[in-house]
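Down below is the structure, laid out as structure tokens.
The values are calculated or read from the model by the stated rules, or taken from the named source; none is laboratory data. Please read these numbers as outputs of a predicted model, since none were measured by experiment. Cβ placement follows ideal geometry from the backbone for every residue including glycine, while neighbour counts extend to all protein chains displayed. The accessibility values were calculated without ligands, DNA or RNA, using every heavy atom of the protein model including side chains. Shrake-Rupley method; radii C 1.70, N 1.55, O 1.52, S 1.80 Å.
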Amino acid sequence: MQCQECEERQATLHFSQTINGEKKEIHVCEKCAKDKGYVTYPGEDMHTLHNLLAGLFNFDQESMKPTAQHEKLTLKKDLECPECSMTFTQFKKVGKFGCATCYETFSSHLDPIFRRVHSGNTKHNGKIPKRKGSNLHTKKQIETYKEQLQELIKREEFEEAAVIRDKIRALQADKEAGEES
Amino acid sequence: MRLEDFMNKSISSWMREEGPHSDIVLSSRIRLARNFSDETFPMLASEEQLERIRETIETNYGNQTFQSYKNFSYVSMSDLTAVGKSVLIEKHLISPHLIKKQKRGSGVLISENEQVSMMVNEEDHLRIQLYFPGFQLHEALKEANAVDDWIESKIDYAFDETKGYLTACPTNVGTGMRASVMMHLPALTITKQLNRMVPAINQLGLVVRGIYGEGSGAVGNVFQISNQITLGKSETDIVEDLNSVVHQLVERERHTRSELMNNSKIQVEDRVFRSYGVLEHSRLIGSQEASTCISNVRLGIDLGIIKDVSQNILNELMVLTQPGCLQQYAKSALKPHERDQLRADIIRERLQLEN
Ligand SMILES: [Zn+2]
Ligand SMILES: [Zn+2]
């Protein structure tokens, strides 16, 4: 099996990981496992911020060697934040985001970085701000109900489904009222 | 100005209070990194944006009181002299970063007792920080959450469902929280045990740092222990983990202190009294030597070798003998040898206040 990260080498490490509530099969080669932060090896100096950041960003430096071919590839791939105009290349150089939207813009490249910095973690598990949070809680509840609704419809339990549908409507009305205030 | 009056001004009032385990834990701190949802982070923000952020904070929270934190006052970095800035750094009310990368609209909002401070337009729009005397991480977290809610009542934070609080640096994303304690660990340092414990502490996602003085290297046997991970763990779990490590360090330090007293009493006494002598009699003293001696004297106080000197002397002199503070006391810029002289004077005078 081919490594899903580099699509070059043979995948030698196979495991599943629950990322953002979704179970995913991971097949990677040893190099990518290390470089993309899937695993950390004991003895690796992860302790000073400096080493951490240096370690974080040098994995892509190799693929950015100034050969014409690579340059083209980098240019084509470089993402740019629509809000603050920071590019992914700049981000890797500075090690800081330009704005909150950068997180969205670079999202497909960030998890390896987060995994390395935060011991394998990619998902927030802490405080939710009060005002923003009340909507977030509602949103999560609506999602759960919607899944239940699909399930009930599949099983043709329409009476139950109607109850859940009304609950969703009520929550949606709450949510909209909350957003307006 | 009399030294007593100067001390009253220079030592934050929270620092004078005694906290739990204050023979070993000097202070507990929680810092939260927060950003406005619709503004570019300070590094790339326009001057207008930076000013807008400053204004929002200054008008909504300046001159306000929140629970026991009274009369927040806003201090703009552009209004301060170099010495004034150093003093704020030495009192840990602002970071060196705020000065080094000084932006338009950068400043700090400080509560009257200096327990709460909020840096504006540092690396993030807001860095909320609370200090507690002694070992009180849980209390600090509870209070930090309350202050955070108060700020959030008028500001939309940059927050993402899966990534949490969005910060300029990927090392702060998630909770945006850094919990830390300052510990005085002379026995673990003398016996070289701390070095051996550091890797195990790192394994738990915690970092140990020496407190740096004018030179380099850990001075005064004071160390800061803090969390490295901010994503994937809840605030309570982070504090819980730090708490248990600090507890173990406190136990170890106490145990080692009593072992030292049992096995090498005369050597410990010699070390303590020599340092006490230096502080009482020197006429020129550098910050490195001062820190070492102050640490030894504080150990002597904790072990009952030196009586009639208050425990607080370490916290106080650590701040008072820093270059910025000395120059504020002198009301002029001082050359290094002038600082060494004034430092020795202040220490002698401070010790006399005890008698
Ligand atoms: Zn690969
Ligand atoms: Zn951006």
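Odds and ends about this structure:
Okay, residues lined up against (1) within 7 Å of chain A (Cβ to nearest Cβ); (2) under 19 Å from B:SER226 (Cα atoms); (3) in contact (Cβ under 8 Å) with a residue 24 or more places away in the chain:
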position: B:PHE135; (1), (2), (3): no, yes, yes
position: B:ILE155; (1), (2), (3): no, no, yes
position: B:ALA158; (1), (2), (3): yes, no, yes
position: B:GLU161; (1), (2), (3): yes, no, no
position: B:GLY176; (1), (2), (3): no, yes, yes
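- Residue-level check: of (1) facing chain B (nearest Cβ under 9 Å); (2) small (Gly, Ala, Ser); (3) open to solvent by 50 Å² or more (accessible area, probe 1.4 Å), A:GLY98 misses just (3).
- If you filter region A:117-137 down to residues that are buried (at least 17 other Cβ atoms within 10 Å of the Cβ) and of a type in the set (S, T, N, Q), you find that the one that is nearest to the other protein chains (Cβ to nearest Cβ) is A:ASN121.
- Residue, nearest to B:ASN35 (Cα to Cα), within region A:102-116, restricted to residues that are within 16 Å of ligand 2 (Cβ to nearest atom) and open to solvent by 10 Å² or more (accessible area, probe 1.4 Å): A:TYR103
- Strands (runs of 3 or more DSSP E) contained in region B:147-228 and holding at least 3 residues among the small types (Gly, Ala, Ser): B:218-227
- Among residues of region B:279-291, those that are in a helix (DSSP H, G or I) and buried (at least 19 other Cβ atoms within 10 Å of the Cβ), counted: 4
- Given (1) away from chain A (no Cβ under 14 Å); (2) closer than 23 Å to A:LYS132 by Cα; (3) surrounded by fewer than 22 Cβ atoms within 10 Å (Cβ to Cβ), number of the condition B:ILE57 does not satisfy: (3)
- Search result, residues across region A:77-95 that are facing chain B (nearest Cβ under 10 Å) and part of a loop (DSSP other than H, G, I, E, B): A:CYS81, A:GLU83, A:CYS84, A:SER85, A:MET86, A:GLY95
- Against the test of being in contact with a Gly (Cβ under 8 Å, 6 or more places away or on another chain) and more than 19 Å from B:LEU185 (Cα to Cα), the options B:ASP237, B:ASP241, B:ASP308 yield a single qualifying residue, B:ASP241.
- Matching residues in region B:33-69 - criterion: being within 16 Å of ligand 2 (Cβ to nearest atom) and assigned to a loop (DSSP other than H, G, I, E, B): B:ASN35, B:SER37, B:ASP38, B:GLU39, B:THR40, B:PHE41, B:PRO42, B:MET43, B:LEU44, B:ALA45, B:SER46
- If you go through region B:21-30 and keep only what is outside any loop (DSSP other than H, G, I, E, B) and away from chain A (no Cβ under 14 Å), you end up with B:VAL25, B:LEU26, B:SER27, B:SER28, B:ARG29.
- Condition check for A:ALA170 on (1) facing chain B (nearest Cβ under 7 Å); (2) surrounded by fewer than 18 Cβ atoms within 10 Å (Cβ to Cβ): one failure, at (1).
- The single residue among B:ARG196, B:ARG254 that is modelled with pLDDT of 95 or more and open to solvent by 50 Å² or more (accessible area, probe 1.4 Å) turns out to be B:ARG254.
- Residue list for region B:172-188, restricted to those being among the β-branched types (Val, Ile, Thr) and over 19 Å from the mean Cα position of the chain (by Cα): B:VAL173, B:THR175
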